[in-house]
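Working notes, beginning with the structure itself.
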Amino acid sequence: MRGYRTILVERVDLGQGTTGRFHGLLHSGGRYVISDERSATECAEESAIVKRIAAEAVEDTGGLFVTTPADDPGYADRFLAACLKTGVPVQEIPAAEALRREPRLNPGISRAFEVQDGAVDAWKLLWGNARSAQEHGAAILSYHWVTEVIREGDRVAGVIARDNRAGEMVRIEAAFVINAGGVWAGEIADMADCPGVTVVPGKGIMIAMNHRLVRTVVNRCEHPGDGDILVPIRTVCVIGTTDVKADSPDDYSIGRDEVQQMLDAGEVIVPGFRQARALHAWTGARPLFKDERAGEGGEDTRHMSRGLALVDHLRRDGVSGFLTITGGKLTTYRLMAETVVDAMVEQMGDSRPCTTATEALPGSEDGRHYWLGSRLAAQEEAMADDQLVCECELMPRRKLVEAARRRPGMTLDDVRRALRLGMGPCQGGFCTYRATGILHGLGDAETERADELLLTFLQHRWLGLEPILYGDQMRQACLDDWIFQGTLDVEHLPVTVPT
Amino acid sequence: MTHPLHELMRDSLDHCVKCTICETYCPVAAATPLFPGPKYVGPQAERYRGGDANADASLDYCSSCGICTQVCPQGVKIAEINSQAKAELAQRRGVSLRDRLIARPTLAGWMGAPVWPVANWTTSFGPFRLLLEKVLRIHRKAPMPRWAGRTFQSRTRSRRKAPDPAAPQRKVVFFHGCAANFYEPGTASMAVQVLEHNGLEVIIPKQGCCGLPLQSNGQYDAARAYVRRLAAQLAPYARAGHDIVATSTSCGLMLKREAHEILGVDDDDLRVVSERMFDICEYLVMLDERGELKRDMQPVDMEVPYHAPCQQRGHGVGTPAMELMAMVPGLRASQVDAVCCGVAGTYGLKAEKYDIAMEVGRSLFDQVRASGAALSVCDSETCRWQIAAATDRPSVHPVEMLHRAYGLG
Ligand SMILES: Cc1cc2nc3c(=O)[nH]c(=O)nc-3n(C[C@H](O)[C@H](O)[C@H](O)COP(=O)(O)OP(=O)(O)OC[C@H]3O[C@@H](n4cnc5c(N)ncnc54)[C@H](O)[C@@H]3O)c2cc1C
Ligand code: SF4
Ligand code: SF4
Ligand code: SF4
């Protein structure tokens, strides 16, 4: 938007990093009013902006902070005072009113506060930003893995990336390189010979439940802890999360104990939570920039700042043309971009003001927020002459065909991130083979690749299913298994899946 | 609008494994592409509901026949989920005058009864029916019952006895429903005679409408008021230990479980009444199991096709009508292979749904016609009217066959 020619380089698909593995909450700031005042204020300001510029990606659910019987009753008053201090809009409502709005909430809640939380669809937000960037002339290179940062003396002059689809190396020369590698930012800084940028992966697990048990975001009114937020987003609601230091940002394992911990936590907010159907579990790693508060070992990631971190390599390492931006939250993504680009503009001696806070993203111009029934309404119109590929997520054939035309060579996970294929109750049980068949029929995937697409997708779905196999989802998994192993005998397809 | 029980019904959507069995049984989905089917409108679409707007008007094509819930192997309360969603849809859109009228059989009943010859002439008078279709959107060909003049209630005033806790076993309460009261007092009388023939004294208390038509037209609050009032009328008898027997299989089902499960009515009157509530065929078979049913049946030499209406299936008691007819010498009853006649209470009367209802019932009508039988048998009144109109031959309640066999009329 400021008139530079830009290229975004992403090693995999957009949204395959932390952004596609987060909790879905557009923070009002309430969570941080006591533990991290700066983040609280940033969230309050930024969430209001994001609701405006990315309306299509946001559902304005509103949020509640409730004092459950398990919480320190003294926290509520401190919370209220801190909200006023940090500028986080808040209003206390009678507990009975909160229960009227959310009949499933723990009836033992003693206090309730209304805040302006929202739910944000990371993929919609990403695609909105990507389309906006493209309209302003940017190029986006996904599946391009940066392996080297080009140094010319004291200056960074570009990057070398491996095109993972074509299997060739690409050299990109640039006047300036911004490292927004999130939890991987340290690795990229290392490539530029700017060592010591430490980004601690703060790993968290989340579980999506089959349908919305609440309509508003529900937070426990207590010091930030594990599993204390329930976010209704799209057709599901998501309980989360934990926060432990991981050894590697690419560690996606899920422990049984973590699953149990989340289910217990859900029980505190919504009694009977364990009886509800769990759909899928996943983890993500927060980019926590190491600062003095966390101490040397960085063990206690929960108390590390959620604030954004700009690393000025000119001042720090004497290297120009290179900046790192990391830390932060999804809610403050725009502020992070503004901050780092401001710093770049300054280093380049330009003066071009930022306009991202006022320019709506493509698709959000009318300012209308996402609403739960929208896909149902769209399908109501299209029903007569279109087939549903993914029934649970109401993904019509037409959308898949359009997407395949626009972006040939997609994997089914790419389709999932763009269109939500396989994200509903059956977790791909019925739509995986349909989608594969359609892509094959379009000539987008010849036989061997089609087999591979199918198997890879099933394998990836399984990763998030395996940890939560009990109750209703277990029955579903059995039926899916009969379909794929029993009827389609996928185990004997003549391909091996790359892991 | 929502009630705790509805949340339970709604939660059953979690059990859906998308097997599509319900879709293959839904008679409406098979008859029209306008209806996306039970899996779609039930467990699938419900995940998209709960916001402030309704997105799927096609839901309204569900006839609430309840077959989907019966066939779902995972225990998803599909029809119940649909009913609740339909009620919300109706509330948002506003209920039409037509749906208010046809949902209150007592209203039409009382309006027509005193002037029954005129009323009957108008409802069979073509131009009037055209007007009715234009103004109220009630299909001009939809079957309409004929007023019978004096109501069954007024004919049986002498039977308005008080409960008798001293001899509860020997006295049963008869719950006739609105249709019998205004249009088919003959069927009701036959039921009374059959019960009496079996040595039971029959009490017919004052009784109102159960509210089922209101419920199926999405008017839940009014339906609750109706069913509560009726339950209060019948509860003293149930408490005294009298069994309650119904010829209207759908209204009996309303008191047995739908008022509780769909409307969420949770009061003591309803509870005692539902525990004592029996469909008449179910009750007679029970008598037989106790060795108390009279077997002095005369041969009735005929062939009859029998249709177990969906509301009867909702009782979950098998097909007692078939068992009873099998006891009658010479009577060769065969069950029609069809799940629904299409009318589903008031559904098939509506101008926009009449054709669908006829399509739903087509296979049933074909089988009845092909049998060559002089009449067909079915437990539910609206179904009988639909089947009779579509097959040009009478359709009668199973109790009428017993009445003949006992030589009572
Ligand atoms: C469990 C959990 C829950 C969270 N919940 C919330 C929440 O509810 N609300 C909220 O606001 N925030 C939340 N966050 C924080 C938020 O998700 C992150 O702060 C944010 O998504 C980070 O975005 P990013 O763009 O900095 O990083 P990423 O999204 O990780 O982007 C970095 C990208 O860089 C790419 N990359 C890395 N190395 C290379 C390379 N060598 N070459 C090319 N590309 C490379 C990666 O593939 C990745 O896509 C949560 C985080 C976690 C872990
Ligand atoms: S029969 Fe039951 S489990 Fe199967 S699709 Fe229908 S609702 Fe789902
Ligand atoms: S209630 Fe009847 S019409 Fe409605 S979805 Fe179920 S089977 Fe179909
Ligand atoms: S009308 Fe009869 S067969 Fe048809 S829907 Fe009803 S009860 Fe079922």
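Taking every alpha-carbon pair under 8 Å whose residues sit at least 6 apart, chain A reaches a relative contact order of 17 percent.
Can you give the FRET efficiency for B:D267 and A:A357, using 1/(1 + (r/R0)^6), R0 = 35 Å, r = Cβ-Cβ distance, to the nearest 0.05? About 0.05, to the nearest 0.05.
Per residue, the convex hull around the alpha carbon atoms of the stretch B:40-81 comes to 71 Å³. The Cβ shell under 13 Å around A:A48 holds other residues with a net charge of -2, Lys and Arg each +1, Asp and Glu each -1.
Estimated purely from DSSP H runs of n ≥ 4, each contributing -39500 (n - 2.57), the mean residue ellipticity at 222 nm for chain A is -9500 deg cm²/dmol once divided by its residues.
Averaging the sequence gap over all C-alpha pairs within less than 8 Å and six or more residues apart, then dividing by the number of residues, gives the stretch B:293-405 a relative contact order of 31 percent. Modelled label positions at B:M286 and A:R449, each set 7 Å beyond Cα in the direction of Cβ, lie 6.8 nm from each other. The alpha carbon centroids of the stretch A:436-481 and the stretch B:205-228 are separated by 48 Å. Quick one: go through the stretch A:213-243 and flag any residue whose amide nitrogen is under 11 Å from the point 7 Å out along the Cα-to-Cβ line of A:E92. Backbone N within reach: none found. Across chain A, Cα-Cα pairs farther apart than 36 Å form 32% of the total. Report note on the peptides A:478-485, B:230-237: ranked by the mean count of other C-beta atoms within 10 Å, highest first, their order is B:230-237, A:478-485.
Each principal axis of the Cα cloud of the protein assembly as shown was evaluated for its coordinate range; sorted largest first, these ranges are 113, 63, 52 Å.
Quick one: P(r) of the stretch B:207-316 from all Cα-Cα pairs, 5 Å bins, percents rounded to integers, in order of increasing distance. Computed distribution, short to long bins: 2, 12, 20, 21, 18, 11, 7, 6, 3, 1. Between A:R155 and B:L34, the modelled label-to-label distance comes to 7.2 nm, taking each label 7 Å out from Cα in the direction of the beta carbon. With a Förster radius of 51 Å applied to the C-beta separation of A:Q16 and B:A166, the computed FRET efficiency comes to 0.05. The sum of -39500 (n - 2.57) across all DSSP H runs of n ≥ 4, divided by the residue count of chain B, sets its helix-only mean residue ellipticity at 222 nm to -13500 deg cm²/dmol. For A:R131 and B:Q70, the FRET efficiency from 1/(1 + (r/R0)^6), where r spans their Cβ atoms and R0 equals 51 Å, is about 0.55. Computed over the alpha-carbon atoms, the stretch B:293-405 gives an Rg to Rh ratio of 0.98, Rh here being the Kirkwood radius from the mean inverse distance. Between the stretch A:329-351 and the stretch B:71-102, what is the separation of their alpha carbon centroids in Å? Here the answer is 53 Å between Cα centres. Multiplying each eigenvalue of the alpha-carbon gyration tensor of the stretch B:4-93 by 5 and taking the square root yields semi-axes of 18, 16, 11 Å, largest first, rounded to whole angstroms.
Distance between the 7 Å Cα→Cβ label points at A:L463 and B:R140: 6.6 nm. Here the Karplus curve 6.51 cos²θ - 1.76 cosθ + 1.60, taken at θ = phi - 60°, turns the phi angles of the stretch A:450-461 into couplings of 4, 4, 5, 4, 4, 5, 4, 5, 4, 5, 5, 4 Hz, with x standing for Gly and Pro. Taking other residues whose beta carbon is less than 15 angstrom from the beta carbon of B:A87, and scoring Lys, Arg as +1 and Asp, Glu as -1, yields -2. Across peptide A:374-382, the average count of Cβ atoms from other chains found within 10 Å of a residue's Cβ is 5.
Across the alpha-carbon set of the stretch A:374-492, the Rg to Rh ratio works out to 0.97, Rh being the Kirkwood radius.
Distant-in-sequence amide contacts of B:L408, defined by a placed amide H-H separation under 5 Å and a gap of 5 or more residues or a different chain, comprise nothing. Cysteine residues of chain A whose Cβ has no partner cysteine Cβ closer than 4.7 Å: A:C43, A:C83, A:C194, A:C221, A:C237, A:C354, A:C392, A:C426, A:C478. Note that the stretch B:380-393 has calculated 3J(HN,Hα) couplings of 10, 5, 4, 5, 4, 5, 5, 5, 4, 5, 7, 10, 6, 7 Hz, one per residue in order, obtained from phi through the Karplus relation 6.51 cos²θ - 1.76 cosθ + 1.60 (θ = phi - 60°); glycine and proline are x. Scattering from chain B was approximated by placing one identical point on each alpha carbon and applying the Debye formula without solvent; log10 I(q)/I(0) at 0.11 1/Å stands at -0.81.
No lab work stands behind these numbers, since they all come straight from the coordinates. Just so you know, these numbers come straight off a predicted model, no measurement behind them. Counting neighbours? That spans all protein chains shown, and the Cβs are built from the backbone with ideal geometry, glycine included.
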